[in-house]
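The values are calculated or read from the model by the stated rules, or taken from the named source; none is laboratory data. All figures in this text were calculated on a predicted structure; none of them were measured in a lab. So basically every Cβ, Gly included, is an ideal-geometry build from the backbone, and we count neighbours across all protein chains shown. In case anyone asks, the SASA skips ligands and DNA or RNA and just uses the protein heavy atoms, side chains included. Shrake-Rupley method; radii C 1.70, N 1.55, O 1.52, S 1.80 Å.
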Amino acid sequence: MVETKRWNITKNGTNNEKMIIEAGDLLKVGEAVAFPTETVYGLGADATNHEAVSKIFQAKGRPQDNPLIAHVATKEQLFQLVKAVPSYVEELVDTFSPGPITYVLPSNGTCADNVTAGLTTVGVRIPSHPVALKLLKTCNIPIAAPSANLSGKPSPTTAVHVWEDLNGKIAGLVDAGPTGVGLESTVIDCTQDIPVILRPGGISKEELEEVVGKVMVDPALQSAEANEKPKAPGMKYKHYAPEVPMWLIDGGSEKMQITYNQLIAEGKRVGILANRNTLEKLNVEEKISLGESLEEVAANLYDGLRKFKQGDVDIILCDTYPEIGIGQAVMNRLRKAASRYIAE
Ligand code: AMP
Ligand code: MG
C-alpha cells in the first residue's frame with residue numbers, strides 16, 4: 001500500500017503549473033501517476049524505464065503480453081520512437097493528432113521492452129487533453145499509459161473511477177474532471193502499405209478513409225467466432241465487465257420490455273442501460289440513460305457500466321447501437337462487456 005497523492009486541477013486553469021510539475025517530477029523518478037486524456041484516464045510511467053513501466057502492470061494486474069501505448073507531446077517526439085514509416089503516416093498525424101488515435105509503427109528500441117511486450121512494433125499517441133499535453137511537455141519523456149483501471153473493469157472516465165480501482169496502488173492521480181470522448185483511441189497498424197484498424201475508437205474508419213483512401217479492419221474484430229487471433233494483443237481479453245452480468249438486446253423496446261418482464265417474474269432485480277429514446281418507451285424501474293447521440297452514449301458508457309453495483313441489481317439489460325462513426329467503438333466495447341447477446 002502506498003499513499004496516493006491527489007491533485008485537483010481545472011482543465012484549462014492557469015494556476016495548475018505547480019501541481020503538474022509535482023506530478024511530472026514523480027513520473028521522472030520512475031513512479032506511476034494517473035492523469036486525464038481526452039479518451040479515458042491513463043496510468044502513466046516513464047516509457048524508457050523498465051522498472052517504472054512494470055509498476056503499471058502491477059497496479060492494474062495487466063497481463064504481461066499486452067503492450068502499452070507510449071504518449072508524447074509532439075510529432076517530432078513521436079517520430080523519435082520509431083523507424084522509417086509509410087508516407088501516409090505523416091498525413092494521418094497532421095490530420096488527427098493530437099487526438100484519439102494510436103499509430104502502431106516499427107519500434108527503434110527507445111521504449112523499454114515491457115512497453116511493447118516484446119513486439120518489434122510500438123503504439124504511439126499524442127493526446128489532445130490540455131492537462132495531458134502540459135504534463136508530457138513538463139516531464140519531456142515518452143509516457144507509457146494504458147487506461148487507469150484494474151484490468152478487466154470498464155475504463156475510467158472520471159477521477160472517481162480511478163480512485164475506486166487504484167487508490168493505494170499508485171503514487172499519484174491528477175484529477176481534472178470527466179474526460180471527453182469516453183472511449184479509448186483508435187489503434188491503427190501503420191506497418192503495411194494499407195493501414196489496418198486493430199481497435200475501433202475515437203476516430204472512425206470513415207474519417208480515416210477521407211484522408212488516406214482505403215483502410216482495412218483487423219478480421220479478428222469482425223469474425224463472430226473467436227478463432228481469429230487479434231493483432232492487438234489486448235483485444236483478446238475480456239474487458240469492460242460490469243459487476244453483474246449484462247445482456248445486450250437488439251432492436252429497442254419490445255424485446256427489451258419482454259425480457260425485463262420475464263426476469264422480474266423470476267424474482268430478479270434488473271437494471272436498464274439504454275439510450276434516452278429507448279428508456280422513454282419502457283416501463284421499468286432501475287434505469288440509467290446513456291444520453292441521445294452516439295457521442296453522448298460513448299461519453300457516458302463506462303460510467304453507466306460502473307454504476308450498476310452488485311447488491312443493487314442481479315442483471316443489466318443494455319440496448320444496441322448503429323455501427324456508424326463512433327458507434328463502431330461503442331458496439332465493440334459492449335460486445336466485450338456483455339455475457340449474452342439477444343438478437344432480434
Ligand atoms: P489500453 O492502453 O489499455 O487502451 O490498450 C492499448 C491497446 O493497444 C491494447 O489493445 C494493445 O494490445 C494495443 N497495442 C499497443 N501497442 C501495440 C502494438 N505494438 N501492436 C499491436 N497492438 C498494440
Ligand atoms: Mg484498457
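Over the heavy atoms of F96, what accessible area does a 1.4 Å probe trace out, to the nearest 10 Å²?
Estimated to the nearest 10 Å², F96 gives 20 Å².
Measuring from centroid to centroid over Cα atoms, what is the spacing of the range 98-147 and the range 256-328 in Å?
Between the Cα centres of the range 98-147 and the range 256-328 lies a distance of 34 Å.
What is the spin-label model distance, in nm, from K287 to R335 if the labels are put 7 Å beyond Cα along the C-beta direction?
Going from the K287 label point to the R335 one covers 2.8 nm.
So how long is each side of the range 117-189 along the principal axes, counting just the alpha-carbon atoms, biggest first, in Å?
Extents along the principal axes: 34, 30, 25 Å.
In bins 10 Å wide, starting from 0, what share of all Cα pairs of the range 294-344 does each bin hold, as a percent?
That works out to 22, 55, 21, 2, in percent per bin.
Could you check the spin-label model distance between E91 and E51? Points 7 Å from the Cα along Cα→Cβ, value in nm.
Using points 7 Å along Cα→Cβ, the separation is 4.6 nm.
If you roll a 1.4 Å probe over the chain with all protein chains in place, what percent of the accessible area is carbon or sulfur? Don't skip to the end; give the middle numbers.
Details: 7290 of 14630 Å².
Carbon-and-sulfur percentage of accessible area, whole number: 50.
For the range 91-155, what is the per residue volume of the convex hull drawn over the alpha-carbon atoms, in cubic angstrom?
On the way: hull volume 7.8 nm³, N = 65.
In the range 91-155, the Cα hull volume divided by residue count equals 120 Å³.
Give me the tail of P(r) for the range 66-222 as a percent: Cα-Cα pairs with distance above 27 Å.
Here the tail beyond 27 Å accounts for 22 percent of pairs.
Can you list, largest first and rounded to whole Å, the semi-axes you get for the chain by taking the square root of 5 times each eigenvalue of its Cα gyration tensor?
Working: eigenvalues 223, 115, 62 Å².
Semi-axes, largest first: 33, 24, 18 Å.
Which value, in Å², gives the accessible area per residue of the chain when a 1.4 Å probe is used on the protein heavy atoms?
Values: 14630 Å² over 344 residues.
Here the residues of the chain average 43 Å² of exposed surface.
How big is the equivalent ellipsoid of the range 157-274 along its three axes, where each semi-axis is √(5λ) from the Cα gyration tensor, reported in whole Å from largest to smallest?
Details: eigenvalues 200, 123, 46 Å².
Computed over the range 157-274, the values are 32, 25, 15 Å.
What's the extension gain from E296 to T120 if we count 0.36 nm per residue and subtract their Cα-Cα distance?
On the way: separation 176, 0.36 × 176 = 63.36 nm, distance 3.68 nm.
Result for the pair: 59.7 nm of gain on full extension.
Take the alpha-carbon positions of the range 1-67, form their convex hull, and give its projected area averaged over all directions (one quarter of the hull surface) in nm². Please list the in-between numbers first.
Values: hull surface 21.6 nm².
Directional mean of the projected Cα hull area for the range 1-67 stands at 5.4 nm².
Any idea what log10 I(q)/I(0) is at q = 0.20 Å⁻¹ for the range 215-310, Debye with uniform C-alpha scatterers and no solvent?
Summing over Cα pairs of the range 215-310 leads to -1.09.
Which shape class, rounded, prolate or oblate, goes with the range 1-132 when its Cα gyration tensor gives a ≥ b ≥ c as root eigenvalues, a/c under 1.5 marks rounded, and past that a/b bigger than b/c marks prolate?
It is oblate, given that a/c is not under 1.5 and a/b is not larger than b/c.
Rounded to the nearest 0.05, what FRET efficiency do R269 and E323 give with R0 = 25 Å and r taken as the Cβ-Cβ distance? Could you check? Mind dumping the intermediate values first?
Numbers: r = 31 Å, r/R0 = 1.23.
It comes to 0.25.
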